[in-house]
Each structure stands twice: as C-alpha cells, then as structure tokens.
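Notes follow the structure.
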C-alpha cells in the first residue's frame with residue numbers, strides 16, 4: 001500500500017476511534033514534544049519564583065575559617081535570633097552568616113578564599129567578620145577594621161574593656177612602609193593581641209567572644225579564641241551595632 005494511502009487510512013481510523021485510541025495516538029507521536037514543553041515550563045516557573053523570592057541581604061557576617069553543622073547558614077539559631085532581635089522584615093530581607101570563607105593548608109584553596117574575601121570587602125558586602133583570633137590577624141593589621149574606640153559607645157567600651165582584641169599600630173605602620181618599598185625580605189612579627197600593655201600603639205579592633213556566646217555554641221573555633229570585628233566600609237553599621245549587642249548579651 002502506498003505510504004500516503006496508509007497514512008490516510010490511519011488518520012481516518014484515529015478520527016473515528018475511541019477517546020482512548022486518540023490519546024494513545026497523540027502520545028505515540030507527540031510525547032517528546034509534550035515532555036520538553038513541560039520541562040521548559042517548570043524551568044521558567046522556577047526561574048521566575050527564584051527572582052521574585054530573592055531577598056536582599058540586610059546583614060552579612062563572614063564566618064572566616066569557621067565550621068558549623070548547619071547546612072543552611074540562615075537556619076542557625078544565631079541568624080534567626082538576630083533577625084528577630086533586630087526586627088528585620090523576613091519577607092524582604094535576610095541575615096547571612098556565611099561559612100564558605102575557608103582557609104587551609106592547600107595553597108589553591110587559600111588563594112581562592114583570599115581573592116573571594118578581598119572582592120567582598122572591596123565591594124562593601126561584608127559587615128562583620130567573625131573568626132578565630134589567629135585567622136583574622138592579617139586582616140586586622142592591614143587596616144580593614146574599625147578602631148573600636150570610634151565604633152563603640154563609652155559605655156560599651158567600659159563593658160567590653162576586658163575582652164578587646166588589639167593590634168600594635170607601630171607594627172602595622174612598619175608593614176605598610178615595607179609593602180610600599182617592595183621590601184620582600186620583611187616579615188612582620190605580630191604582637192600578642194591580648195596584651196596591649198606590651199604594645200607601642202595598641203588599637204582595639206575586635207571583641208573576644210565570651211564562652212556563653214551563642215556563636216560559640218554553633219560554630220567551631222578550635223582551640224583559639226573567637227573574635228568579632230566590624231569592617232570599616234560596612235553598609236549597615238547600625239545592624240553591626242545590634243549584632244554585637246545581641247551576641248554579647
């Protein structure tokens with residue numbers, strides 16, 4: 001039988017067939033178009049939903065070199081508690097405590113983390129950095145943090161006076177001069193951040209977290225002290241103030 005006659009006969013059979021036969025014919029010939037079409041619609045809906053539901057970050061804390069058992073940083077009790085404490089509208093904004101900034105002994109990981117961190121700092125995306133006392137030291141000596149005497153109120157300085165984290169500005173100036181002179185032989189020897197009495201020009205650039213602090217319960221600081229510092233070009237200094245009050249209460 002010629003192909004066209006066979007096609008006409010099949011078409012007539014379908015035309016006069018039962019609904020079940022018509023559905024079977026349609027599925028046999030058009031199922032892949034249907035599958036691809038449905039997949040495209042699902043992707044489109046998901047994309048639109050992500051765009052609509054995407055929240056602006058109201059407060060960003062870089063949890064440098066810290067780990068947590070929480071898979072979602074915004075699901076920690078710290079993030080949820082601070083969101084409620086500060087009255088942030090969760091329909092439009094979110095609080096992010098980001099543990100993706102990890103430094104380790106692998107050179108490629110350290111370089112990638114350093115580049116990522118620098119990009120975030122330059123773009124003013126980070127409000128505070130929470131870290132162990134050793135990992136944060138290079139950033140402190142490179143001038144990224146507020147002098148706590150300029151950031152905290154006199155009452156707060158008095159209250160936190162016994163738990164401040166210091167750098168020696170004399171060493172910071174030496175390191176800066178060596179960098180500008182491209183002196184590759186210079187290696188700074190940092191002062192003990194907990195002994196300002198031994199420094200020439202002590203500057204408080206962070207607050208040491210007390211043991212009862214909620215962050216100490218949710219994040220691993222190893223054997224070192226935990227420190228929080230406020231980034232100088234933070235966009236949300238009011239929330240940085242509130243975050244310190246929240247975790248230190």
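Read-outs: derived from the displayed coordinates by stated rules, not from any lab. These numbers come from a predicted model, not from an experiment. Reconstructed Cβ throughout: ideal geometry from the backbone, glycine too, with neighbour counts over all protein chains shown.
Mind giving me the FRET efficiency for residue 197 and residue 157? R0 is 22 Å, r the Cβ-Cβ distance, nearest 0.05 is fine.
0.85
Provide the convex hull volume over Cα atoms per residue for the stretch 161-249, in Å³.
Considering the Cα atoms of the stretch 161-249, their hull volume per residue is 139 Å³.
For the stretch 55-248, what is the largest minus smallest coordinate of the Cα atoms on each principal axis, given in angstrom and ordered from greatest to least?
Ordered largest first, the stretch 55-248 gives principal extents of 52, 42, 31 Å.
When 141, 160 are ordered from fewest to most other Cβ atoms inside 10 Å of their Cβ, what list results?
The most exposed by this proxy come first: 160, 141.
For residue 138 paired with residue 124, estimate the spin-label separation in nm (one decimal), with each label point 7 Å from Cα along the Cα-to-Cβ line.
Computed distance between label sites residue 138 and residue 124 equals 2.6 nm.
Subtracting the Cα-Cα distance from 0.36 nm times the residue separation, let me have the gained length for residue 238 to residue 182 in nm, one decimal.
Difference between extended and current length: 16.3 nm.
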